[in-house]
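K.L.:
Attaching a single structure in structure tokens format; questions to follow.
The values are calculated or read from the model by the stated rules, or taken from the named source; none is laboratory data. Here the structure is a predicted model, which is why all the values come from computation and not from measurement. Every residue, glycine as well, gets a Cβ built from its backbone with ideal geometry; the counts of neighbours run over all protein chains shown.
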Amino acid sequence: MNWSSLSSDEIEQVLVSIGSQVSRARALELDALEELDRRQVFMGDGCATMSEWVAGRLDLGSDTARRLVLTMRRTVERPDLRSALVDGVSFDRVEAVSRIVGDVGMLDHLDISGVRRHGVNRTEVTDGDEAGRLRGRYLVMQPSLDESWWTLTGGLDGVAGAVIDNALSELSDRLPNLPDGHRPATGWRRATALYELASGGETPQATVTVFVNADQAAPSDGRAGVRLEAGPRVGAVALEAILCNSITEVTVNTKDGVPMRYGRTSRTIPPVLRRAILATTDGYCAIDGCDSRYRIEIHHKTPWAHGGTTDPENLIALCWFHHHIVIHERGFELFNHPDTGRTRLRPTFRSNRDRPRKHTSPTRTRSKQPARASPSTTPI
């Protein structure tokens, strides 16, 4: 083809036409793969998976092969998506839409990235998902042989990562330039900020912004439609903890994207009330047996998200560990001991995944567990 004889618009039309032909070929490709998958042909050829077989036979990268196989399997019961390919809709759009549960159309008003984000926001984050992320936190510090250099690797859940990222960003931005006026690279400044915090530097009040899509969050009880600024998804457990924290801003959007409410004025604890609550425990954690005064925070006994008020009788002073780790992450609840009235903790089972597992091995015996508090104890 003599491309130089064509205008830019004509070349663009040729390109679009080629794309439609590719989509139609992909539809035929998915039909063929479906039949071969039904016959389990990959097993007869000694391959571990269908994706491995496709990668070898079609000379594709493993990622491309896996996308093809997954899209084929997701569209087996979605003939409308196969038909969309035949009509020239791009494979990437069909693949992105196939990830979304339910009939949402082709979402033509969104680009491919928007379709993917839409699918992610509709996906529910279960208690089990959040528990796995919270318990999966890890940090590895690996020194060199002479310990002159350390390498840090690890992983964090969305909330912890956002808080730490914001804190390091704010503190690193405060670092002055070097004496020669040079501004060090961002990575160096963030590493230095981490060192400053560990050395006893003041932790900046890092604000975390939460965006809630009311149309998705309401029917799922917060398991979908909730994300942090810059994208991390959170579920109902994390949302409850976030709403209990006075350094969080929440923006709720209606179905058409219009903000309904902004900020935390209705649940912010005024400084005078905070001081009054702290005075009830002399600045210590209120949990029976805990003598910590480290980062004492005010907790809503009945969560604000569940109708709890910011009144003195609904507030209690807790250390950071009991507040965030034990209550909000591990799912424990406060109760008053029936004999002493002291504030103690007991597990609340959000789902069967949290219940203690019975040991069935014959070589192990279960030690007798202490009796739990009477059901008549008053939860707070």
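K.L.:
I need the full set of residues from region 17-67 which are outside any helix (DSSP H, G or I) and surrounded by 14 or more Cβ atoms within 10 Å (Cβ to Cβ), in order please.
P.N.:
Cys47, Thr49, Leu60
K.L.:
Which of the residues that make up region 68-81 are closer than 15 Å to Glu34 by Cβ and either surrounded by fewer than 20 Cβ atoms within 10 Å (Cβ to Cβ) or touching a strand residue (DSSP E or B) at 6+ places or on another chain (Cβ under 8 Å) (or both)?
P.N.:
Result: Leu70, Arg73, Arg74, Val76, Glu77, Arg78, Pro79.
K.L.:
Taking Glu124, is it touching a helix residue (DSSP H, G or I) at 6+ places or on another chain (Cβ under 8 Å), at pLDDT below 85, acidic (Asp, Glu) and surrounded by 14 or more Cβ atoms within 10 Å (Cβ to Cβ)?
P.N.:
Criteria not met by Glu124.
K.L.:
Scan region 107-119 residue by residue and report those that are crowded, with 16+ Cβ neighbours inside 10 Å and touching a Lys or Arg at 6+ places or on another chain (Cβ under 7 Å).
P.N.:
Val115, Gly119
K.L.:
Moving to a separate point now. From the set of residues in region 316-333 that are surrounded by fewer than 20 Cβ atoms within 10 Å (Cβ to Cβ) and assigned to a strand (DSSP E or B), which is modelled with the lowest pLDDT?
P.N.:
By that ranking, first place goes to Phe332.
K.L.:
Okay, moving on. State which residue is nearest to Ile327 (Cα to Cα) when the search covers only region 133-151 and only residues that are without any contact (Cβ under 8 Å) to a residue 24 or more places away in the chain and in contact with a helix residue (DSSP H, G or I) (Cβ under 9 Å, 6 or more places away or on another chain).
P.N.:
Residue satisfying both the conditions and the ranking: Arg135.
K.L.:
Separate question: Looking at Ser172, Ser98, Ser90, can you tell me which residue is of a type in the set (S, T, N, Q), in contact (Cβ under 8 Å) with a residue 60 or more places away in the chain and surrounded by 15 or more Cβ atoms within 10 Å (Cβ to Cβ)?
P.N.:
The conditions single out Ser90.
K.L.:
Continuing with the same structure: Modelled with pLDDT under 75, more than 19 Å from the chain's Cα centre (by Cα) and of a type outside the set (D, E, K, R): does that describe Pro204?
P.N.:
In short, yes.
K.L.:
Search region 307-329 for residues being in contact (Cβ under 8 Å) with a residue 24 or more places away in the chain and under 24 Å from Ala217 (Cα atoms), and hand back the single one that is nearest to the chain's Cα centre (by Cα).
P.N.:
The selected residue is Glu329.
K.L.:
While we're here: Residue check, Ala276 against (1) modelled with pLDDT under 70; (2) of a type in the set (A, V, I, L, M, F, W, C); (3) in contact with a helix residue (DSSP H, G or I) (Cβ under 8 Å, 6 or more places away or on another chain), all met but one. Which one?
P.N.:
Of the numbered conditions (1) modelled with pLDDT under 70; (2) of a type in the set (A, V, I, L, M, F, W, C); (3) in contact with a helix residue (DSSP H, G or I) (Cβ under 8 Å, 6 or more places away or on another chain), the odd one out for Ala276 is (1).
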